[in-house]
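J.: Quick one: the structure is below, and I'll ask about it shortly.
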Amino acid sequence: EAGVAQSPRYKIIEKRQSVAFWCNPISGHATLYWYQQILGQGPKLLIQFQNNGVVDDSQLPKDRFSAERLKGVDSTLKIQPAKLEDSAVYLCASSPRPGDTQYFGPGTRLTVL
Amino acid sequence: ELKVEQNPLFLSMQEGKNYTIYCNYSTTSDRLYWYRQDPGKSLESLFVLLSNGAVKQEGRLMASLDTKARLSTLHITAAVHDLSATYFCAVDPHGYALNFGKGTSLLVTP
């Protein structure tokens with residue numbers, strides 16, 4: 001069974017630039033999550049989707065971050081404009097349904113200079 | 001605000017020794033997860049604990065949950081170098097998003 005796929009794996013940008021990350025969850029998983037993991041800390045939830053609807057985006061900085069899951073499968077997370085403090089690993093996870101074990105992708109390491 | 005606290009945050013132990021990592025959380029939850037993360041890698045699910053008194057074991061790792069004390073432990077028996085990694089506990093009180101602790105960085109030395 002294929003795992004959660006993410007791309008790119010690494011991205012370096014300058015502050016005020018924009019960037020987008022892509023995630024393809026495990027087939028059949030209705031729930032998709034984006035987490036931000038700052039160095040030395042545990043992941044923090046940014047947004048949760050159930051199919052193509054948003055369940056929780058209370059911790060998403062909506063002035064600069066946006067995310068979508070248009071067809072209930074793939075998802076993209078965008079940052080525009082990026083700030084230095086956005087440097088982190090962005091992890092995508094999926095689960096069959098809310099409350100089930102979440103399976104994480106390899107992450108995208110973002111460096112903002 | 002839900003708080004998840006792990007201790008210790010850093011642990012260096014010799015091969016063959018036993019040790020316990022503690023995870024305390026601040027709100028009622030019947031679900032607790034343990035994940036492992038190797039440097040530069042993503043998170044790998046180790047255990048899911050779904051009820052008070054739950055105990056699960058895999059190899060040299062054993063996890064337990066006391067929902068009344070809001071405490072989970074991850075016990076390491078006869079540590080080996082391959083167990084060197086960062087271990088996270090995470091609580092899911094509402095059946096939705098995971099709330100993670102800061103992680104315990106474990107280094108097992110010869």
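The values are calculated or read from the model by the stated rules, or taken from the named source; none is laboratory data. The shown structure was predicted, so the numbers you read here are calculated from the model rather than taken from an experiment. FYI the Cβ positions are ideal-geometry reconstructions off the backbone, even for glycines, and counts take in every protein chain you see. SASA here: full protein model, heavy atoms, side chains in, ligands and nucleic acids out. Shrake-Rupley method; radii C 1.70, N 1.55, O 1.52, S 1.80 Å.
J.: Identify the residue in the stretch A:95-112 that is part of a strand (DSSP E or B) and under 22 Å from residue A:11 (Cα atoms) and, among all such residues, is farthest from the other protein chains (Cβ to nearest Cβ). It would help to see each step written out before you state the result.
T.: Our first condition is that a residue be part of a strand (DSSP E or B); within the stretch A:95-112, this holds for A:95, A:103-104, A:108-112.
Imposing the further condition that a residue be under 22 Å from residue A:11 (Cα atoms) reduces the set to A:104, A:108-112.
Details: A:104: 4, A:108: 11, A:109: 8, A:110: 14, A:111: 14, A:112: 19 Å.
By that ranking, first place goes to A:112.
J.: Given the residues A:78, A:71, which is the only one that is more than 9 Å from every other protein chain (Cβ to nearest Cβ), charged (D, E, K, R) and not in a strand (DSSP E or B)? Step through it out loud before you land on a result.
T.: Details: A:78 fails: not in a strand (DSSP E or B).
None of the other options fit; the residue is A:71.
J.: Shifting gears a bit: How about the stretch A:15-37: which of its residues are part of a loop (DSSP other than H, G, I, E, B), surrounded by fewer than 17 Cβ atoms within 10 Å (Cβ to Cβ) and under 14 Å from the mean Cα position of the chain (by Cα)? Give the steps one after another, and end with the answer.
T.: Restricting attention to the stretch A:15-37, the residues satisfying the condition of being part of a loop (DSSP other than H, G, I, E, B) are A:15-18, A:25-30.
If we keep only those that are surrounded by fewer than 17 Cβ atoms within 10 Å (Cβ to Cβ) as well, we get A:15-18, A:27-28.
Selection gives nothing.
J.: Sticking with this structure for a sec: Do we find a residue being within 14 Å of chain A (Cβ to nearest Cβ), aliphatic (A, V, I, L, M) and more than 9 Å from the chain's Cα centre (by Cα) anywhere in the stretch B:69-81? Working first, answer last.
T.: Step one: filter the stretch B:69-81 for residues within 14 Å of chain A (Cβ to nearest Cβ), giving none.
No, that holds for no residue.
J.: Across the stretch A:38-52, what is the number of residues that are touching a residue at least 12 places away in the same chain (Cβ under 8 Å), open to solvent by 20 Å² or more (accessible area, probe 1.4 Å) and either touching an Asp or Glu at 6+ places or on another chain (Cβ under 7 Å) or within 14 Å of chain B (Cβ to nearest Cβ) (or both)?
T.: Initially, the stretch A:38-52 is screened for residues touching a residue at least 12 places away in the same chain (Cβ under 8 Å), giving A:38-39, A:43-52.
Going one step further and asking which of them are open to solvent by 20 Å² or more (accessible area, probe 1.4 Å), we end up with A:38-39, A:44, A:50-52.
If we keep only those that are either touching an Asp or Glu at 6+ places or on another chain (Cβ under 7 Å) or within 14 Å of chain B (Cβ to nearest Cβ) (or both) too, we end up with A:38-39, A:44, A:50.
Counting residues in the stretch A:38-52 that are touching a residue at least 12 places away in the same chain (Cβ under 8 Å), open to solvent by 20 Å² or more (accessible area, probe 1.4 Å) and either touching an Asp or Glu at 6+ places or on another chain (Cβ under 7 Å) or within 14 Å of chain B (Cβ to nearest Cβ) (or both) gives 4.
J.: Could you look through the stretch B:54-110, keep only residues that are outside any strand (DSSP E or B) and among the β-branched types (Val, Ile, Thr), and pick out the one that is surrounded by the most Cβ atoms within 10 Å (Cβ to Cβ)? So that I can check it myself, show each step before the final result.
T.: Pass one, the stretch B:54-110, residues outside any strand (DSSP E or B): B:54, B:59-60, B:67-70, B:77-84, B:92-98, B:101-103, B:110.
Filter again for among the β-branched types (Val, Ile, Thr), leaving B:67, B:77, B:80.
Working: B:67: 19, B:77: 16, B:80: 14.
Per the criteria, the residue is B:67.
J.: Right, something else. Among the residues of the stretch A:38-61, how many are acidic (Asp, Glu) and part of a strand (DSSP E or B)?
T.: Keep residues of the stretch A:38-61 that are acidic (Asp, Glu), which gives A:56-57.
Checking the rest, the ones that are also part of a strand (DSSP E or B) come to A:56.
Here the count works out to 1.
J.: Does residue B:40 qualify as being open to solvent by 30 Å² or more (accessible area, probe 1.4 Å), within 23 Å of residue A:104 (Cα to Cα) and more than 12 Å from the chain's Cα centre (by Cα)? Spell out how you get there, then give the answer.
T.: On the way: open to solvent by 30 Å² or more (accessible area, probe 1.4 Å): yes; within 23 Å of residue A:104 (Cα to Cα): yes; more than 12 Å from the chain's Cα centre (by Cα): yes.
For residue B:40, the condition - open to solvent by 30 Å² or more (accessible area, probe 1.4 Å), within 23 Å of residue A:104 (Cα to Cα) and more than 12 Å from the chain's Cα centre (by Cα) - is met.
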